[in-house]
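The values are calculated or read from the model by the stated rules, or taken from the named source; none is laboratory data. As the structure is a prediction and not an experimental result, all values here were calculated from the model. Note that we place each Cβ from the backbone using ideal geometry, even for glycine, and neighbour counts take in every protein chain shown.
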Amino acid sequence: MNLSSRAAAICAFALALATGSGPVTAQSKPEDGLALGRKMLAEDNPGDLWVERGQRLFTAKRGPKNASLEKCDLGMGPGVVKGAFAQLPRYFADTDKVQDLESRLLTCMVELQGFKREDIIRTRFGTLDRDSDMEALVSYVGAASNGLRMNVRLTHAKEREMYKAGEYAFYRRSGPLDFACVTCHGESGKRIRLQDLPNMTKAEEMREVVATGWPAYRGTHSTVRTMQHRLYDCFWQMRLPDLGFASDLSVALTAYLNYSANGGEIKLPGVRR
Amino acid sequence: MKFGGSAGALVTLAAAGLLKTSQAAAAVWNKAGFESKGVADAVKSLGASAAADSRDIVITAPDIAENGAVVPIEVVSRIPNTQSISIIAEKNPFPLAATVDFANSAEPYAYVRIKMGQTSNVRAVVKADGKFFSAVKEVKITVGGCG
Amino acid sequence: MAEPMKIRALLKGDVADIRVLVAHSMETGQRRDAAGNLVAAHFIHSMTVTHNGKPVYDGQWSQAVSRNPVFAVRIKGARVGDKVVVSWTDNKNDKRTDEVSVAAG
């Protein structure tokens, strides 16, 4: 049997069966064959290039107002990036909103640098033809909290409100498939094709997903994706309407996830297939 | 000549201060090899009429790659006087992916991530003391058929 | 302009492990952009490394090397503080050179 020509044409699930019937041990799980590749990809992370580009973008004078982001308050004071990721989302008095990292950077790019909100949103996700400034900035700010632990607080009434809304949305089934986040992320040992699904009802797995998960270099996308993209993609997979970038719903879910991950040690950007 | 076809002539220029060392070192790009559509032609372009199988070439690569766009390939040669390592993805439209020439204090070690269009053998060809040796490892590619 | 490379150079025993991340599109010439136009081949074809000024690694690459390339080089007899210079040239003659000192591993 010519395994190699078959494997190219068939789905991952079928591939697992095909390799199982081969000369290797019958018990071998697909993860065994994947582990080495995952380890080799994790050892050298092109996402580090996004961190450096993000740093250059953060300090460069840009936009119609020719300003850097060094006066951007991410919650730790103007221009302070260290520790910012660890305690976001949080309430900001100037916008009277709870904001996650992406929505707060969006505010700064509009208010301080004079970029148009719709332009930043249009280019929020990088493509093979165009890099995204947002993905680089999030990589930089995320990595600046490496070694710290997630420490989101719900001291303001609006922070508690967002957390509760996020928790509700996480468990609320909806859409044509009657799916909720928890449908895929409520049990251990599940996967989609070859990708393991974290059980986010377990504190340990939630901490790992949030603190070491996103932003992450996505190999198949050849760019860093952020949590906003992860949530957007989950909504697409659930066949729900597009999740608006920096929308209240996206921030509410992030508030729920990040608060639930408190204590997780931050190591970003991550690496994903 | 150890360091590629044109190196000898350029070394003179480098010595005369006309070129920086790093530029002088660059071998002429193996156009014929990189544009070869078959494995045999690619191997021939390296100057090898035949390459003997060798257990002293160790290829480390995943059994299954989740993403054919990024397949890590590591090759270590234990053959004395290794001069170069070439990496060939046999079923790629243009199989020859990279050739690395070593000089001075380099270890005979190559690591690079390559694109693979489909499940295929990855062949490493080592040139040592002017002779050619090779080894293969199969890498299964999952993204492509079902993306 | 080409972005800086990210180079790690760590000494393990007397071997320096040089690991390099490069920002480059490595276009194969077979991809179409969002408008449906073929994107011209654009890839690094030459990658060289020197150790204290002496050439050690002369890589010839094709468009099969992954986008945002990652590669590594090992140098024996290295010491902390040794200078490692990495240079690439692509098929459009864009170039980039970065250097780093070997650090204790």
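Side notes on the structure shown:
- Candidates C:N68, C:N37 - the one that is away from chain B (no Cβ under 11 Å) and farther than 23 Å from B:Q83 by Cα: C:N37
- From the options A:P198, A:P176, residue that is free of Cβ contacts under 8 Å to residues at least 24 places away in the same chain and part of a loop (DSSP other than H, G, I, E, B): A:P198
- Residue check, A:D94 within 20 Å of A:M162 (Cβ to Cβ) and of a type in the set (D, E, K, R): yes
- Looking across the stretch B:56-99, the residues that are of a type in the set (S, T, Y) and under 28 Å from A:D32 (Cβ atoms) come down to B:T60, B:S77.
- Residue within the stretch B:74-88 that is at pLDDT below 95, surrounded by fewer than 24 Cβ atoms within 10 Å (Cβ to Cβ) and not acidic (D, E) present: no
- Candidates A:L148, A:L137, filtered to the one that is over 20 Å from A:E208 (Cβ atoms), under 19 Å from the mean Cα position of the chain (by Cα) and either surrounded by 16 or more Cβ atoms within 10 Å (Cβ to Cβ) or free of Cβ contacts under 8 Å to residues at least 24 places away in the same chain (or both): A:L137
- Scanning the stretch C:49-58 for residues that are part of a strand (DSSP E or B) and either of a type in the set (S, T, N, Q) or touching a His at 6+ places or on another chain (Cβ under 9 Å) (or both) gives C:T50, C:Y57.
- The condition of being at pLDDT 50 or above, outside any helix (DSSP H, G or I), more than 10 Å from chain C (Cβ to nearest Cβ) and on the phi > 0 side of the Ramachandran plot does not hold for B:G17.
- Matching residues, the stretch B:106-122, being under 18 Å from B:R55 (Cα atoms) and either away from chain C (no Cβ under 13 Å) or touching a helix residue (DSSP H, G or I) at 6+ places or on another chain (Cβ under 8 Å) (or both): B:N121
- Matching residues in the stretch C:1-58 - criterion: being out of contact with any Ser or Thr (no Cβ under 8 Å at 6 or more places or on another chain) and among the acidic types (D, E): C:E3, C:D14, C:D17, C:E27, C:D33
- Residue match in the stretch B:57-65 (condition: under 13 Å from B:V126 (Cβ atoms), more than 14 Å from chain A (Cβ to nearest Cβ), surrounded by fewer than 17 Cβ atoms within 10 Å (Cβ to Cβ) and out of contact with any Ser or Thr (no Cβ under 6 Å at 6 or more places or on another chain)): no
- Among residues of the stretch B:131-147, those that are in contact (Cβ under 8 Å) with a residue 40 or more places away in the chain, more than 7 Å from every other protein chain (Cβ to nearest Cβ) and not hydrophobic (A, V, I, L, M, F, W, C), counted: 3
- Any hit, the stretch B:123-130, residues being out of contact with any helix residue (DSSP H, G or I) (no Cβ under 7 Å at 6 or more places or on another chain), more than 9 Å from chain A (Cβ to nearest Cβ) and surrounded by fewer than 19 Cβ atoms within 10 Å (Cβ to Cβ): yes
- Members of the stretch C:50-65 found to be facing chain B (nearest Cβ under 7 Å) and either surrounded by fewer than 22 Cβ atoms within 10 Å (Cβ to Cβ) or in contact (Cβ under 8 Å) with a residue 24 or more places away in the chain (or both), listed by number: C:T50, C:H51, C:G53, C:K54, C:A64, C:V65
- Check on C:V22, closer than 27 Å to A:R53 by Cα, more than 8 Å from chain B (Cβ to nearest Cβ), crowded, with 21+ Cβ neighbours inside 10 Å and out of contact with any helix residue (DSSP H, G or I) (no Cβ under 6 Å at 6 or more places or on another chain): yes
- A:G219 fulfils the conditions (1) in contact with a strand residue (DSSP E or B) (Cβ under 9 Å, 6 or more places away or on another chain); (2) at pLDDT 95 or above except for a single criterion, (2).
- C:L10 falls short on exactly one of the conditions (1) assigned to a strand (DSSP E or B); (2) out of contact with any Gly (no Cβ under 9 Å at 6 or more places or on another chain); (3) away from chain B (no Cβ under 11 Å); (4) aliphatic (A, V, I, L, M), and that condition is (2).
- Once the stretch C:62-100 is narrowed to residues that are in a strand (DSSP E or B) and among the charged types (D, E, K, R), the residue that is farthest from B:G68 (Cα to Cα) is C:K83.
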